[in-house]
Amino acid sequence: MPDKVGFLALFFLLIQSCVLLAGVESSFSAKSSELGPNNVALVINDADANSVKIAEYYRIARGIPTKNIVHVKISDAHPKLSASEFTRLKWEIETQLNPAEQVILLAWTAPYAVECNSITAALTFGYDAEQCKNTCAAGKPSLYFNSASKKPFDDYGIRLTMLLPTDSFPRAKSIIDHGVQSDAGVFRSTAYYLTTSDANRNTRSRFFPPSGLNIPRSGLAVMNIKSDKLVGARDIMIYQTGLAWVDALDSLNFLPGALADHLTSTGGDLYGKNQMSILRWLDAGATASYGTVSEPCNYWQKFPNPLVLLKWYVNGATAVEAYWKSVAWPAQGLFIGEPLAAPYAHE
């Protein structure tokens, strides 16, 4: 995973980091999200009993209107769809949507990829065949990156897509419950940023905010640490690192609404064995996560930018908004979890 960022680009990024850091430190303004249950299209795979069961649990927990339920049938679902299979599925979903829906939530674990694209990116922006000619090439920029938009479909004609894994009912229930619990807010929490010994997977560490960062009225502290693992932390709201495998997850406690991810090649390959699947973050208690489904090389732009993610989340954005706003080139990236989690959604 060679670093592709040159000196001039790095200089620009450092200037951009200062601007983003100032945005994070600024006072809370009006609530930065307007998304709610009426804006979520909940997609159910009627051929998957777990999809049906978990989607119903989510519908009740979040009060999703029945008119927002989308039904498809994917028999013998595999991790990856071909471009033609995806075209049919996309049409089937989109013909059941209504203009109020700004977010699509897929209630299943597989399929999670479309060729080299993630299914969440392919549904949001359309399948990007060009990226699959060379997965290590630069990605197509997202107009939604670091955007102030509160209604992505109204503003850009896109619906932010997230996947709610259904292969484990206990895990799915925990994710949903944590998302709903996050509505009550948090009193004190910490964002942990780990610069590890894996230099190739530390390309976004230049964006890690410093320990002691002042984030007004959020109750969120920042810990910037040089270590390969975090052990025993009980107040995690954000955990970002760079490793193929992350140790000691079973020693941690993630608060309701917690976001966690690791920069590595194929964390978004949910059933993959070569590197840690982002499902492990959800197993550990995180409410949402992100990873790439195909080899992206280590462009920071293909992973959540720590400052952008922090900026929008602490200012009240939902998990789906904060994660999507933080990825500049999202074609290969899979967004998973409970989309409406918003622990800092102060009125």
Legend entry - the range 302-325 - residue that is of a type in the set (Phe, Trp, Tyr) and assigned to a helix (DSSP H, G or I) and, of those, farthest from Ala258 (Cα to Cα): Trp324
Legend entry - Criterion violated by Thr166 - all others in (1) within 23 Å of Asn305 (Cα to Cα); (2) part of a loop (DSSP other than H, G, I, E, B); (3) of a type in the set (Val, Ile, Thr) satisfied: (1)
Legend entry - In the range 298-318, the residues that are within 15 Å of Thr203 (Cβ to Cβ) and not hydrophobic (A, V, I, L, M, F, W, C): Asn298, Tyr299, Gln301, Lys302, Pro304, Asn305, Pro306
Legend entry - Which listed residue, of Ala107, Ala121, is in contact (Cβ under 8 Å) with a residue 40 or more places away in the chain and touching a Pro at 6+ places or on another chain (Cβ under 7 Å): Ala121
Inset, instruction - Give just the number: which of (1) modelled with pLDDT of 90 or more; (2) out of contact with any helix residue (DSSP H, G or I) (no Cβ under 9 Å at 6 or more places or on another chain) does Val40 not satisfy? - result: (2)
Inset, instruction - Scan the range 195-218 and give yes if some residue there is within 30 Å of Pro37 (Cα to Cα), of a type in the set (D, E, K, R) and touching a residue at least 24 places away in the same chain (Cβ under 8 Å), otherwise no. - result: yes
Legend entry - Residue list for the range 121-163, filter: outside any loop (DSSP other than H, G, I, E, B) and of a type in the set (Lys, Arg): Lys133
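Of Val70, Val52, which residue is at pLDDT 95 or above and part of a strand (DSSP E or B)? Before the answer, list the steps.
Working: Val52 fails: part of a strand (DSSP E or B).
Just one listed residue meets the conditions, Val70.
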Inset, instruction - Could you please give the count of residues in the range 149-176 that are touching a residue at least 40 places away in the same chain (Cβ under 8 Å), more than 16 Å from the chain's Cα centre (by Cα) and either closer than 21 Å to Gly316 by Cβ or buried (at least 24 other Cβ atoms within 10 Å of the Cβ) (or both)? - result: 5
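The values are calculated or read from the model by the stated rules, or taken from the named source; none is laboratory data. This one's a predicted model, so the numbers in the text were calculated from it and none came from an experiment. Glycine gets a Cβ as well: all are built from the backbone with ideal geometry, and neighbour counts include every protein chain shown.
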